[in-house]
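Structure, as structure tokens:
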Amino acid sequence: LPRRSPVMFNTFDRRRFVTRSLQTGALAALGDFSFLHGLPAPAAENDKTARRLVPLSPEVEPLVRLIEDTPRGQLVERIVAEIRKGTSYEQLLSAVFLAGVRGIQPRPVGFKFHAVLVINSAHLASLRAPDKERWLPLFWAIDNFKSAQKANYEQGNWRMDAVEESKLPPPHRARQRFIEAMDDWDEEGADRAITTLARTASAEQVYELFWRYGCRDFRDICHKAIYAANSWRTLQAIGWRHAEPVVRSLAYALLDRGGNDNPAEHDYDADRPFRENQKRVADIGPLWKQRRRLAPEAAADLLETLRTASPSEGSAKVVELLQKGIHPASIWDGLFLTAGELIMRQPGIIGIHCVTSTNALHFAYQTTASDETRRLLMLQSAAFLPMFRQLMISRAPDHKLADVRIDRVEKAELTGDPGQAVEEIFAAVSKDRLLAARKTLALMDGDSRRFPSLVTAAERLIFSKGNDSHDYKFSSAALEDYYHVTAPWRARYAASSMFNLKGIGDRDNDLIERTRAALARI
């Protein structure tokens with residue numbers, strides 16, 4: 001089953017907020033999605049039916065080809081027609097994901113390949129949306145695919161080739177062959193081995209390998225870890241039967257060298273933390289060998305260290321805290337807070353990936369069954385955040401980041417009830433993000449029950465104003481990780497998200513109007 005944010009279970013609070021916010025105030029302008037009423041609700045029958053997994057062929061292949069072959073300007077109308085004929089949400093989710101996997105080159109692991117990376121984020125937004133509005137993120141993802149498809153065509157028209165069946169390793173040798181190929185950065189060997197594993201091993205067995213290789217290097221600013229996490233999560237929604245092209249694409253992506261010679265034969269900066277941290281994990285021992293304690297002060301200590309630490313020093317600090325008996329949740333608090341602070345200090349593409357990569361590494365930490373891999377993921381995250389900080393400094397005009405400290409931001413005054421406060425916050429987002437963060441801190445401090453209202457408003461603004469994959473990727477990661485941060489730090493983490501969410505005054509996207517027009521023509 002797809003993993004869900006706890007936000008989904010606050011249905012009563014969400015519906016009550018939506019009803020109230022649409023009756024009054026500036027957010028009311030965002031609520032006119034009535035043109036969707038001609039479509040069936042994606043989960044109209046019942047929960048069990050809505051999650052029925054669909055085969056790739058013959059049901060999904062024609063839909064994939066429809067998405068691939070229809071011109072962008074006609075696609076929304078064609079998709080709406082398919083929905084009205086009975087195409088399900090799950091079929092459409094499968095089709096757009098698989099169209100991207102087999103038709104968009106996963107190198108570099110970013111840029112045009114965001115058409116694939118963003119599918120899970122759009123799906124999470126859809127799961128949290130009310131009833132028929134669940135179609136909107138999927139429409140956006142399909143439209144976004146067409147843009148990526150055009151870029152892929154202009155850059156050589158890469159397509160995933162069929163495997164040579166006669167060269168596949170036997171099942172009993174596939175795992176070792178895959179490890180050897182990945183360690184040697186051998187693309188052909190890895191592709192053949194992972195194909196056999198997709199056919200003969202379980203999802204858990206395959207992804208135990210990917211959790212480690214996904215965090216192996218810093219190339220593509222951690223998109224490799226993001227792809228590992230998001231592909232797993234999407235496969236949980238559409239079914240392991242679709243795994244073969246997905247894991248082939250993922251293995252190929254993880255072997256992107258970024259223009260370097262074979263990393264197995266060199267000591268590049270991007271690879272050094274992994275090599276060091278593989279040795280450090282032995283110094284920690286099993287995470288639960290001793291009793292561990294939650295310690296908000298330890299999170300603050302790690303945050304302070306990561307403001308100036310080198311990658312090696314960041315990982316060493318995590319080792320130190322674990323050796324003192326600190327609970328991993330407090331260490332992840334420090335990592336989440338550092339990611340949030342970095343986007344506050346330099347909003348933009350690098351700051352966004354501080355948040356989305358920490359989300360992906362934490363998801364892998366939660367999902368892996370290996371204690372050693374969990375330790376390695378924490379150490380890698382603590383190394384990658386300083387690498388992000390160094391990259392941000394190198395790109396800053398004066399080689400300095402803004403002097404903003406997530407643990408020192410002060411509350412701003414709010415007027416009116418919580419519903420009006422949410423409107424105040426998202427009005428401020430478009431003008432003064434720090435003010436929006438301060439107002440969020442005032443709204444959330446001491447009352448986490450208000451968070452679902454914030455999420456509902458944030459995601460409706462993404463539906464109306466989101467123009468980029470990062471709008472969906474960031475919002476899904478930040479809004480999800482609010483619940484992964486422990487209670488003492490949640491309000492501050494929520495405040496940091498205001499540095500990349502959409503505001504009431506931001507420009508609308510054109511997808512809403514094109515969808516409205518498509519529905520009117522059918």
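The values are calculated or read from the model by the stated rules, or taken from the named source; none is laboratory data. Not measured: the values here are computed from a predicted model. No Cβ is skipped: glycine too gets one built from the backbone with ideal geometry, and neighbour counts run over all protein chains shown. The protein model used for the area step is the full one, side chains on, heavy atoms only, and it has no ligands, DNA or RNA in it. Shrake-Rupley method; radii C 1.70, N 1.55, O 1.52, S 1.80 Å.
Kindly flag which residue pairs out of Lys132/Lys502; Lys132/Lys431; Lys279/Lys473; Lys132/Lys465; Lys279/Lys324 have an alpha-carbon separation exceeding 24 Å in this structure. Distance filter (> 24 Å) returns Lys132/Lys431; Lys279/Lys473. Semi-axes of the equivalent ellipsoid of the chain are 34, 32, 20 Å, computed as sqrt(5λ) over the eigenvalues of the C-alpha gyration tensor in descending order. Remark: the Asp161-Leu435 segment gains 93.5 nm on full extension, using 0.36 nm per residue and subtracting the alpha carbon distance. From its DSSP helices (H runs of at least four residues, each -39,500 (n - 2.57)), the chain gives a residue-normalised ellipticity at 222 nm of -19500 deg cm²/dmol.
Heavy atoms of the protein chains alone define the surface here; on that basis the chain has 40 Å² accessible area per residue at 1.4 Å probe size. For region 78-198, the Kirkwood estimate of hydrodynamic radius, built from reciprocal distances between every pair of different alpha carbons, is 16.4 Å. Based on the convex hull around the alpha carbon atoms, region 324-424 presents an average projected area of 9.1 nm².
What percentage of all Cα-Cα pairs in region 251-314 are separated by more than 17 Å? Of all Cα-Cα distances in region 251-314, 64 percent exceed 17 Å. In the context of the full protein assembly, Arg159 retains an accessible surface of approximately 100 Å², using a probe radius of 1.4 Å and ignoring ligands and nucleic acids.
Sparse packing (at most 16 other Cβ atoms within 10 Å of the Cβ) combined with a DSSP loop state is found for the following GluC sites (Glu not before Pro) in region 346-455: Glu410, Glu413. Counting protein heavy atoms only, the chain has 48 percent of its accessible area on carbon and sulfur, 1.4 angstrom probe.
Placing +1 on each Lys and Arg Cβ and -1 on each Asp and Glu Cβ, with no other charges, gives the chain a dipole about its Cα centre of roughly 1020 debye.
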